[in-house]
1. Quick one: work out Rg over Rh on the C-alpha atoms of region A:766-813, Rh as Kirkwood radius.
2. Would you tell me the mean number of C-beta atoms belonging to other protein chains that fall within 10 Å of each C-beta in B:19-26, as a whole number?
3. Counting other C-beta atoms within 10 Å, and keeping those with at most 10, which DSSP coil GluC sites (Glu not before Pro) do you find in region A:402-488?
4. Hey, can you grab everything whose amide H is under 5 Å from the amide H of A:Gly165? Only 5+ residues off in sequence or another chain; H modelled, so Pro and N-termini drop out.
5. Using label points projected 7 Å from each Cα along Cα→Cβ, tell me how many nm separate A:Lys196 and A:Ala366, to one decimal.
6. Convex hull volume of the Cα atoms in region A:192-288, per residue, in Å³?
7. Provide the FRET efficiency to the nearest 0.05 for the A:Asp727-A:Asp397 pair, computing r from the beta carbons and using R0 = 45 Å.
8. Consider all pairwise Cα distances in chain B and report the whole-number % of them above 18 Å.
Amino acid sequence: MSRRPLRTKSGHELTAEDIAQLAQEAEAGYDLAHAQRRRVGRPALGESGPSPRVNLRMDPVAYGRLREQADLADTSISAVARGLLEAASATDASAAPTQTVDRAPTAMAPQHGSLAHEFARAVLLDLRESGSWPSSDVLHRQIARTLGRDADVSALLRSIPPVYGYAGHGGPSDSASLTIEGLVECAQDTAAEELKNFIIALRRMVEIDDEADDDTTAHFDDAELSKLVADPRARQVTCLLLRGEGLLGSGSYSREGEGWRFEIVDLVRRIGLVSGPEAYLARRRLVTSQDPSTSLGAPDWSAVQAGDSGRLSDEQGRLLQVFSRTVARHFHDHAEWPKSKPVYRRLGRELGRDVDVYRVARAIPAEYGYAGDGTREQIASVSVLSLWRFAKDILTDEFHAFLRAVNLMVARDDAASERTHAEITSDELATLTEGMASHKKLELLLDREWLFGSTIGSEGGVTHEVADLVHRIGPVATIDAYLERRRSALEPPVVEGPQPPPAQLDAAVRALGRTESLMRTVARSPASLQTILDAGSIAQMVASLSAAQRFAESISQLALPLVAAYRQTDQMVAFYQQAAQMAALLPRMEIFDDMVAARAAVQQVVGSPAFAASGILGSQLSVLSDAIARSTGMLVPALGGLGDLRLGVSDVAAGWRRLLEAEERLMPAPIAPALLVTGGRGVLGVNLAAGAGASVQLDVGEDVPAWEGAPLEMRGALLERLREIDDVLPAKLEGAWERTLRPGPDAASQAANSLVELLDWSLRRATEGVDLVAWHAQQGLRSDGVDANGRPTRALKVRYLLRDNPSGDLVEAFARIIGEAYGALQSVKHGGRPGDPVVIQRLIPTIEAALTFVLVR
Amino acid sequence: MIGHCGLVFNDEPPPDASVFDDRLLFLGDDGQGVPLEVMALELDDGELLVIHAMKRRPRYETQYIEALACRVVP
């Protein structure tokens, strides 16, 4: 018997070759960033087309009876209700129960409160029914039916405060969502079940996090949740609410059949055990507040003078004891500083749930230690001051070796001629480490105390430069003597006149100088680029920027209390003391000139043809960019209250921006996403991110040479051109910036949506009325100009708009940039989990640059 | 798995393909909870022809999580 040939929906008869090719294609994989999403799985109930959904509210008692009926009949509530409604509508429409209108739709005032309630109710009902957030167009239609034809639903829904939720733009691909605050404020009675499940799940997550090892990441999985919430639909809803609140980190599906598994994020620990929704909201507001006065359990360090370790309060002593001993144990056992994250976890356990570890740890003064930012990317370290005071029993051998090393280095410094640097090798240090398994610990301690100037790799070993601080400390007999000598050596001068700067600033300046030197060498010898500018050398640059970061910490420690004291005129004594310390640091602000010089050298390197050809350093440059952003991010808050000092900081950020702009122009094909992201950190990205964090308005055009203002002028031209094309386009761009600068639970997706619309609309409107397909055929361009449905692609629109541009390669490069950026945005927009607004923010300048190239004449 | 996968990804065919129908990619789990990726074509009679099925690869993780939220619960 012959089989009927297989025909696809379009009528194509499938051959064995077709199927083999399709299988091969599927095995290679698809880029789903551009794929359309289609909801499936709910077939129509009859033959007469799609089944409209009916949402109705019920009295709780009647709802309970309905549920009982459904249970008895072993069916769903929907099925029972459907049967009743069908029966009622089929017999006699006039016999239908009189409808009780509890709110006249047209009479409903478009007031904020009632609208928010309506919004919350509609989203919640849909969420319960489908187990997913409703699409924005469905929600808009539902609300429109309630409010009547005269209401501008889109405008009204845009007025819903983001803390309540997100109504979307009204499109089918956009989802609406609700926050817990929205549920509590607008639908608490209706959402009692959902809120209860949310709190139950959150409490369990806190317990799991408590039970996890310091070194492992805690996970929350389907099996755990199913013990708490039996109904599968309710479990889905609980997951969506947890995800919407940002309490679930990255997740994956277990192959062992245990269901999905998500990482428990740090915010869960910080929120801790809460009794109910209101307690959750209160705690969440506290831990995410930027206001230091709301800190939970954070000791006040402002009263502790630098080096005055004898006057610690019980609270401070307890914190430093736990912190120092945690770090010391790891240091002793592993010969390295621990990652920041496990240290935070240990602090959280020891200090209790009433303490917001993330704020407490970050406030530890630099002279006692550095706890990092709570991630695995940063390390925590402790000064000898804290180690000696709180962990001397753990590091006995290390302290003996440390003393021997300091004295040897002092002797070496004394013996060196005045014109040469004193140095000491790792092999020499190794001879002092009696009783220790590795001399690495000794080197880490010396480095942590700023006793090394720089580390120089040489044949057969490592040589350390002896820092000037060693000379000032001199020979010491005990750790106490060392600490006393070090404190006095670092004590800021209070007498007038030029004073030697603190040693750590010297070290920071020297480190930057080395980076500058390295990069100038590379710039002079592009041929050796591949061997010199490798990951290791970039890591060295990052390390030198870390030195600048430590400088920033010093500034921060001094400037913040200074500003606080200045605002309280009754603390003038403290003000003068702080001001004297600050004055000692000010001459070293020229460090930023070194950074700008180093950046200029980097710019030369990146501009060289060899670099453009390599195209392999995107991720490393990204690391470097992060280091600069971190340094700037620390400095701007520190200097926020001292307006005149901000200029140097904005200069650094502006310099880095120019460097990355240069890199974008030289970007080799194919464009790696990492490079796109790196590039996005350019135009205004660093400035705005840092400025937003400090509530400081950084005007990059202020007091800068005219050529530095050129990028701003170019951006102005883009906005003007967009406005010419369509009045709404500049708002799309500004809207994307606004959403990333004021992040909410769905900020990344909303910003991505604005940018997708910007790209789509601007290209479409700019080519309106042009028969692109005919032009494509006439030009004989490559096949990707038209899609499978015969519609012009974005790449074709770019080619058309740049048809007079003689730089063929650049035209293709920008067509690809727009394609890559569009794909990245689509994946965030439809990503199904919260994206990172910072990533989107860093992508915006790339889109601005591409649109400038394509649209501006 | 296709029965309870609530979200399907329609990907356009590559420019040089001989079959011009959208590729339908389903991401979900089989009865044992094993995550799968399944590619199918829609035929003229409305049926689906499964071309490819294998354990889900990491490249589809984001879309898989997106599809999870839409899964049709029996």
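No lab work stands behind these numbers, since they all come straight from the coordinates. All values reported here derive from a predicted model rather than from experimental measurement. Cβ: placed from backbone, ideal geometry, glycine included. Neighbour counts: every protein chain shown.
1. Ratio value, two decimals: 0.93.
2. Mean partner shielding for this stretch: 6.
3. Answer by residue number: A:Glu418, A:Glu434, A:Glu459.
4. Those lying under 5 Å, H to H, from A:Gly165 are A:Thr179.
5. Here the answer is 5.3 nm between the modelled labels.
6. Each residue corresponds to 98 Å³ of Cα convex hull volume.
7. 0.05
8. 39
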